[in-house]
1. Testing the spin-label approximation: label points 7 Å from Cα along Cα→Cβ at residue 82 and residue 161. State their distance in nm.
2. For segment 333-348, take each phi angle, set θ = phi - 60°, evaluate the Karplus expression 6.51 cos²θ - 1.76 cosθ + 1.60, and give the result in whole Hz per residue in order, putting x for glycine and proline.
3. Which value, in debye to the nearest 20, describes the size of the charge dipole of the chain about its Cα centre when Lys and Arg Cβ atoms bear +1, Asp and Glu Cβ atoms bear -1, and nothing else is charged?
4. With the cut-off at 32 Å, tell me which of the pairs 341/414; 239/352; 23/341; 33/407; 97/261; 84/256 have Cα atoms farther apart than that.
5. Quickly rank 359-366, 168-175 as a protection proxy: mean count of other C-beta atoms within 10 Å, highest first.
6. Taking 35 Å as R0, compute the FRET efficiency from the Cβ-Cβ separation of residue 365 and residue 240 and round it to 0.05.
7. Find the centroid of the Cα atoms in segment 194-217 and in segment 257-336, then give the distance between the two in whole Å.
8. Separation between the residue 66 and residue 417 pseudo-spin-labels, each 7 Å from Cα along Cα→Cβ, expressed in nm?
Amino acid sequence: MYDVGIIGAGPAGYTLAIRLAQKGKKVILFENKYVGGTCLNFGCIPTKSILHSCSLFDKFKTCEKFGVTAENISFDFQKIYERKNTVVEKMRKSLEKLILSYDVDIIYEEAFIESSEKIKCKSGTYDCENIVVATGSEPAEIKTLKRNNFVLNSDDILELTELPKSIAIIGSGAIGIEWARIFSSLGSQVYLIEMADKLLPTADFEVSQRIERILKRNKVKIYTSNYVEKVENNSVVLKSGDKIQAEKILVATGRKAVLPKNNNNNTLETSEKGSATVDEIYKNKSGVYVIGDASSKIQLAHNAIHQALYLAEYLCEGKIPRNYVIPSVIYGEPEIAWAGKTEQELAGTNYKKFLYPISALGKAQSDGEIEGFVKLLSVNDIIAGVHIISPEASSLICEFILPIQNKLKISELKEICHAHPTYSEGSFESILGLCSEPLTVMKGV
Ligand SMILES: Cc1cc2nc3c(=O)[nH]c(=O)nc-3n(C[C@H](O)[C@H](O)[C@H](O)COP(=O)(O)OP(=O)(O)OC[C@H]3O[C@@H](n4cnc5c(N)ncnc54)[C@H](O)[C@@H]3O)c2cc1C
């Protein structure tokens, strides 16, 4: 008898397995593909590895202005992909070792829920006092666009053998934007199609406007308030009537939950959209727990990891999961990150705003990275939202999670000494700005 049986070894499943084992529980983990799940094998890590190659390539393209000469700059697409595979394989091996080091049993088979205390797979049936489903998600499909050699999803795109000369990307969420950045950096003609009236539909409007400007500068053709009506002889016809000739289409319109396949016997209660419904302790009506992409609206690895940590606390110590602030990040140059509310969400409230352009920073000028801003929004001296476009935005955002989550006063944050010259001074300046005391902004601006 195991204390906990976990189905799925992505960030949610493996984090939970390790934490429970650390707390003395006997754990069994089922995985039908690879440990690391979507994040390590088809998501966060492979895309960031490719993005890093693109970022290096972009840096060499402009290095002359920094007094550095590099001639005949080029790239080898297959090597970029090979490196991505090497990174993933290396991390996968380390992760498996890490999990095994905590004496977690791993069964590499598809698992099914037999009852709230039994997990079944090919090799047998396993009794578990608690069952946790962490089966993640898969790319959502557009019914009218059948997946084939021409129409790809975010898994297929990682298997390309050569760079397409042109690509139509449908959807401008994080995945669509990151791939638009990759392909435009490598010289493909990118067409970005978005149904909403702005890119990154969930972002603050000024972030959307700025990313549009940056992508246009990189020759990405943007079609907002638009969608693909049909594909005709390998040409994409949009609602607007525009016709796009592209070598490939990438469908990046979101992800849908994956649940154990025998769920057609309705073991798990699901929402209309097909993800498992859970209460505040991540428990489904069926009596099993569901965490990560399989049950969450916010499908991000760090959210899955956080839920796993809270569930481990609940299962071992009975502690109820608390609310927490989840940052969003879009990678590439420059990075984009935000947390809390957007300005449009605060409309109608008595909010304050300060937008600090990073071009005013010594560090940004030294690096030649002047595109971006730190935008802070506050209500009653408490930060309500932060929106950053800047190098290192993925790390800078963390400075704001603590004050948002703990409702710290902005007047207290002013007391924190920031190193000079750094991009973090942009955060400091925006805090000072909200207090009407900016240091490096012209009087009256
Ligand atoms: C292209 C792309 C880029 C991304 N970039 C980021 C990023 O930069 N940052 C970020 O935070 N998030 C990112 N994500 C999202 C992130 O990958 C997911 O939020 C995260 O992987 C969810 O973790 P999870 O453990 O819930 O599920 P998953 O990682 O999907 O893991 C679920 C695991 O369960 C296994 N499984 C499913 N059914 C069964 C079964 N019946 N039996 C046994 N095993 C089963 C699957 O094979 C899988 O390994 C990205 C996603 C994609 C697609």
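Each reported figure results from applying straightforward, stated rules to the coordinates on display, with no laboratory input. All figures in this text were calculated on a predicted structure; none of them were measured in a lab. In this analysis, Cβ positions are derived from the backbone assuming ideal geometry, glycine residues included, and neighbour counts consider all displayed protein chains.
1. In this crude spin-label approximation the distance works out to 1.5 nm.
2. Result, ordered by residue: 10, x, 6, 10, 8, 8, 7, x, 8, 8, 5, 5, 6, 8, 3, x Hz.
3. 480
4. Over 32 Å Cα-Cα: 239/352; 23/341; 33/407.
5. By packing density, highest mean first, the sequence is 168-175, 359-366.
6. 0.30
7. Centre-to-centre distance over Cα atoms comes out at 28 Å.
8. Reported label-point gap for residue 66 and residue 417 is 3.0 nm.
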